[in-house]
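Notes follow once the structure below has been shown.
The values are calculated or read from the model by the stated rules, or taken from the named source; none is laboratory data. Nothing here was measured: the structure is a model prediction, and the numbers come from that model. Every residue, glycine among them, receives a Cβ derived from its backbone with ideal geometry; neighbour counts consider all protein chains shown. Accessible surface areas use protein heavy atoms only, side chains included; no ligands, DNA or RNA. Shrake-Rupley method; radii C 1.70, N 1.55, O 1.52, S 1.80 Å.
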Amino acid sequence: MAKEGAERAEETEQMIEKEGGKEAAEGGAAGSLRAGDAKEMRAVVLSAFGGLNKLRVSKKAMPEPQEGELKIRVKACGLNFIDLMVRQGNIDNPPKTPLVPGFECSGIVEALGDSVKGFEIGDRVMAFVNYNAWAEVVCTPVEFVYKIPDDMSFSEAAAFPMNFVTAYMMLFEVANLREGMSVLVHSAGGGVGQAVAQLCSTIPNVTVFGTASSFKHEAIKNSVTHLFDRNADYVQEVKRISTDGVDIVLDCLCGENTGKGLSLLKPLGTYILYGSSNMVTGETKSFFSFAKSWWQVEKVNPIKLYEENKVIAGFSLLNLLFKQNRGGLIKGVMDKLLNLYNNKKIKPVVDSLWALEEVKEAMQRIHDRGNIGKLILDVEKAPTPLVS
């Protein structure tokens, strides 16, 4: 941390000098040219929806903060399964291409827009971004930005917001997790799965059932109570251990797992859908996979829910933030999560670090479900040379 603190101080001094030089040069032609030369940045650009070949690192104009925004010099970016679905165009109302993907990052505050309070140049921060996170510089509204604890690294900070806020909201805001309850979480080795396991451990006597690829079991076996192979008949395995089923099901798979999850719910149990990774079977969007997953989803009869005392819910953090204007609610959740982090109750699990130029390889690792925890794009990392 001493090294990181020294780097932070040096960067802050450089930024202050840069701002001072810019002000002194205002109105001068030479000053304008120098400013123009410095206003390009590297960014991952998605040229069109499709396969990995649609991604490239390009130079783009550097953004400047508008009123109420912070400009952040990015150190690390989070890579999530939703980014893979965005690349394929496998989401509702995708934006137009070309675009810069990415929804979360960490870095250093480089400039403040008008009316911004509570932050200073040089602050270490993590942030939600409505696209454009995979770049050297981003601008985002101040309500989506949070200060990083002193002992949290930039890579950990980039792994924190999406995974832990999603896990916390589902467990405590939607499903009302309490002492003695039981939870089934799919993809237990992923970023959200590991966040769920850690948050469940903060409540006494919570039983966590997890599914994951068998090669991950040794690494994550201590994070959950009962672990099953993702291809096994987990319904029978869960019922063998808990005849009545579970109180909460967290489903990021969809398809046939929806019906299975509902069948496992105890009375007053809650099923939450927060993803649909079963729709991703190849490098590009597959209408067959989409149709198959849709067809496999058990059609929910409200009368049946009423008779069985079951709750079915959905959760999308990005919609909550950027379409439904619940930034204030999320800030309250982040405050609670950072308190848990500072008390050493939770800690982001980082799978691996990748250079921006290695984004295709990183995305393939997520596609192959090879990660344990979060993949991070390290903006300052040089690509790893290929070995002959």
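Which value, in Å², gives the accessible area per residue of the range 162-322 when a 1.4 Å probe is used on the protein heavy atoms?
Per residue, the range 162-322 has an accessible area of 46 Å².
With +1 on the Cβ of every Lys and Arg and -1 on the Cβ of every Asp and Glu, and nothing else charged, how large is the dipole of the range 162-322 about its Cα centre, in debye rounded to the nearest 20?
Once rounded to the nearest 20, the dipole reads 140 debye.
How many Å³ per residue does the convex hull of the Cα positions in the range 162-322 occupy?
124
Could you pull out the pairs from Lys147/Lys347; Lys54/Lys75; Lys59/Lys147 whose alpha carbons sit more than 21 Å apart here?
Lys54/Lys75; Lys59/Lys147
Could you tally the net charge around Val145, taking each other residue with its Cβ under 10 Å from the Cβ of Val145, Lys/Arg +1 and Asp/Glu -1?
Here the count lands on -1.
Please report how far the C-alpha centroid of the range 177-231 lies from that of the range 66-114, rounded to the nearest whole angstrom.
29
Antiparallel DSSP bridges in the range 112-251: what percent, to the nearest 5?
Expressed as a percentage, antiparallel bridges in the range 112-251 total about 20.
Quick one: pull the percent of accessible area on the range 162-322 belonging to carbon and sulfur, 1.4 Å probe, ligands and nucleic acids left out.
52
Out of the DSSP beta bridges found with both residues in the range 162-322, what percent are antiparallel (nearest 5)?
Looking only at bridges with both residues in the range 162-322, the antiparallel portion is about 0 percent.
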